[in-house]
Amino acid sequence: MPPLQVPVRWRPRGAREDALTLRGETGHSSLTWWFFFFLGSGFAGLVYEIVWLRLAMAAFGVTTPLVSIVLSVFMAGLALGSWLGGRAAEAAIGVVALAVPSGLSVGHAFFVASGTTLEWGSASYHLVSGVLVALTLLPCCAAMGATFPLAMAAIRAAHPDASTRAFSFLYLANVLGAACGTLVSAFVLIELLGFRATLAIAVATNVLVAAAAFALSRRHAPAPVMAATAAPSPETAAMRPTVLLALFVTGLVSMAMEIIWIRQLTPYLGNLVYAFAGILATYLIATFLGSRLYRTWVGPETCARAGGLTWLVAGVAGLLPLVTADPRLAMPPLVRLLLGVTPVCAAVGILTPMLIDRWSAGHPHRAGAAYAVNVLGSITGPLLAGFVLLANVGEHTALALLTLPLFVAAAAGIVRPALVGGDGPSSLRRAAWVPVALALAVTVLFTTRSFETGYPERQVRRDHTATVIATGEGMSRDLLVNGTSTTVLTPVTKWMAHVPLVFLERPPTDALVICFGMGTTFRSLLSWDIRVTAVELVPSVPEFFPYFHADARELMRSSNARVVIDDGRRFLERSRDTFDVITIDPPNPPEAAGSSLLYSREFYRLARTRLRPGGILQQWIPITDLGTLASVTRALEASFPHVRAFPSVNPHPTLQVLGVHYLASDRPIPRYSVAELVQRLPARAARDLIEWPIEPTVAGNFARLLGHETPLVALTSLAPGAPALADDRPFNEYFLLRRLVLVP
């Protein structure tokens, strides 16, 4: 944004009023415009983050480490831009942002050509993904980061008396805009318009901000901003390197905690896009409130005293999610989120602008460097959480470790001054709070329980993608991924194997199952004595195969059995294998975040290229809202010339769930009679089919199947306005508005 030069009457204020405001004296100043410019810039920036994250998932897979990589690259760009600065940043953001989807597509094409998969090795997989994401996102993110020092330079040149806390003024506006961008895009725009149209709105916002800034700069003669701010300020105690270390810590801890909260709160909020958006929005709103509290109540002369206590509060508050995520406490999911996340984010919202204001003293180049250090911590945090902490120690211990530097900083800011005299009795009173806070922290650590402890009989595995729990006995066993039940022992998962195979005109030789689950479909496919490949995203899931099936270890020794750890869509893209049958059972529920990538038109067209001529794709979907059912049906119709639909009933004693089996092929699917289907089923497969019978005989099962066949028009007519589900319009994942207004 170009600098704005507008005269303004400014007077120093006390601790409660030493802030750049939008009232009274500044009502006609450029400061008001800077606030709205950064509000718009923050709005656009978070829209970019949400859309780019989804585009990256479509290109490189749906994993926790990928989320960490995208967030870290986003922050790395901000750090680079903040350090380098720039002049036409807002306009550059809009221009470069338009190129990001194409850049991700190019990176995706290179990724596919490289043959890099999770099976090859997660480190190599994520290294290649990270490099390609960085090459695409860094230029735009760097332009975003450049806006802070640029704006501070303009404010310093036009309003020298107002510049001391200029960073926190801009930070306040930016965070508020980011919160608005999160809420508006995730809860409104994407559902109504799709990802690319939402991205276009963010680009338009950046262009509008740039145009307004340019117009105002033409009206008011600019000053030589950078020259006026080149001279460094004298070193003070507030500018010691420890301040930069503290900024690194606030960035690292807050962003690492955000990754951990997503996994920790998913059992209560659900594995939905709205859960992630809710956590992010809460994080930003609480940060805004903390920053506002700093600007309203904390003056320059009280920063040192307030800082120590704020670190202490942040340390204790960082452990609150352990309390709110305790399964023994009954509370609404939203209350768990707000009580767990808000206090620590508010504390960080005080600390970050306070530290940057103290370090920079209004000098843009110092503020840019300090903000870059904070963002470097924000880069490290997601990587540390996604690749190290969650996989090795779990959510409970990870949060405990992340609060340690907060308590260390509190001790440095409170205890050390008290030991050397400080400001007398006030220092001693503040120091007395340290043992109280530590005692409270220890109590929380040793009395709270993690989500999995709610299951007395359980086995738990953790990896970089998820926390997986196997629990229960007999037919009541359950598999939970990040706290969400994904499947049960049910004959429906056997039908996913036997139904497409029995309709195949030729004897099958190869089958593929995407999403391993309990391994039931994989096991049933093997009963046909064919080669079977199973693709599973979460490495820990196949390890539980023996928990659910007594013959699992014997089956895994078969030369026909192969399990691949990979994103199912990425596997299809890089694989050169073809299959007679591809059967898909996406994660539960159908609205799960990222699940549309296994229901979309683009996915089905990709799967079709991996089917042999006459091969059959089987898609299972539990009954969800009617709009999603119609949307998936239309996506299949748009991708295959021949599709049949067979509703079925799950006879699980507690889950009488109606769902639909779709069969799709490039050739007509034979219309066999019950007798013909019985004859086509091998003896071993027949025994498997009635192991947990929907009907006690093979013929009874096929009679039920054929008796429930439904024309596709009956499914699409359930929601005439629902579009074919596509990558750009994930109709199943974004549903809030249509459900609120009761539209199918």
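The values are calculated or read from the model by the stated rules, or taken from the named source; none is laboratory data. Keep in mind the model is a prediction, meaning the values are calculated, not measured. Cβ placement follows ideal geometry from the backbone for every residue including glycine, while neighbour counts extend to all protein chains displayed. Side chains included, ligands, DNA and RNA excluded: accessible areas come from the protein's heavy atoms. Shrake-Rupley method; radii C 1.70, N 1.55, O 1.52, S 1.80 Å.
The set of residues from the range 608-643 being over 30 Å from Met475 (Cα atoms) and among the charged types (D, E, K, R) comprises Arg608, Arg610, Arg612, Arg634, Glu637. Given the criteria under 18 Å from Thr490 (Cβ atoms) and in contact (Cβ under 8 Å) with a residue 40 or more places away in the chain, does Arg739 qualify? Taking the combined requirement at face value, the residue does not satisfy it.
Might you check whether a residue that is within 37 Å of the chain's Cα centre (by Cα), open to solvent by 20 Å² or more (accessible area, probe 1.4 Å) and modelled with pLDDT of 90 or more occurs anywhere in the range 690-710? Before the answer, list the steps.
Step one: filter the range 690-710 for residues within 37 Å of the chain's Cα centre (by Cα), giving 710.
Now narrow it down to the ones that are open to solvent by 20 Å² or more (accessible area, probe 1.4 Å): 710.
With modelled with pLDDT of 90 or more added as a condition, the list becomes 710.
Scanning the range 690-710, I find at least one residue that is within 37 Å of the chain's Cα centre (by Cα), open to solvent by 20 Å² or more (accessible area, probe 1.4 Å) and modelled with pLDDT of 90 or more, so the answer is yes.
Among the residues of the range 675-693, are any assigned to a loop (DSSP other than H, G, I, E, B), within 20 Å of Asp580 (Cβ to Cβ) and in contact with a Gly (Cβ under 6 Å, 6 or more places away or on another chain)? Checked the range 675-693: no residue is assigned to a loop (DSSP other than H, G, I, E, B), within 20 Å of Asp580 (Cβ to Cβ) and in contact with a Gly (Cβ under 6 Å, 6 or more places away or on another chain). When we screen Ile582, Ile616, Ile623 for residues that are out of contact with any Phe, Trp or Tyr (no Cβ under 8 Å at 6 or more places or on another chain), among the aliphatic types (A, V, I, L, M) and in contact (Cβ under 8 Å) with a residue 60 or more places away in the chain, the only hit is Ile582. Against the test of being at pLDDT below 85 and under 25 Å from the mean Cα position of the chain (by Cα), the options Val323, Val375 yield a single qualifying residue, Val375. Counting only strands (runs of 3 or more DSSP E) that sit completely within the range 436-507, zero hold 3 or more residues that are open to solvent by less than 50 Å² (accessible area, probe 1.4 Å) and without any contact (Cβ under 8 Å) to a residue 60 or more places away in the chain.
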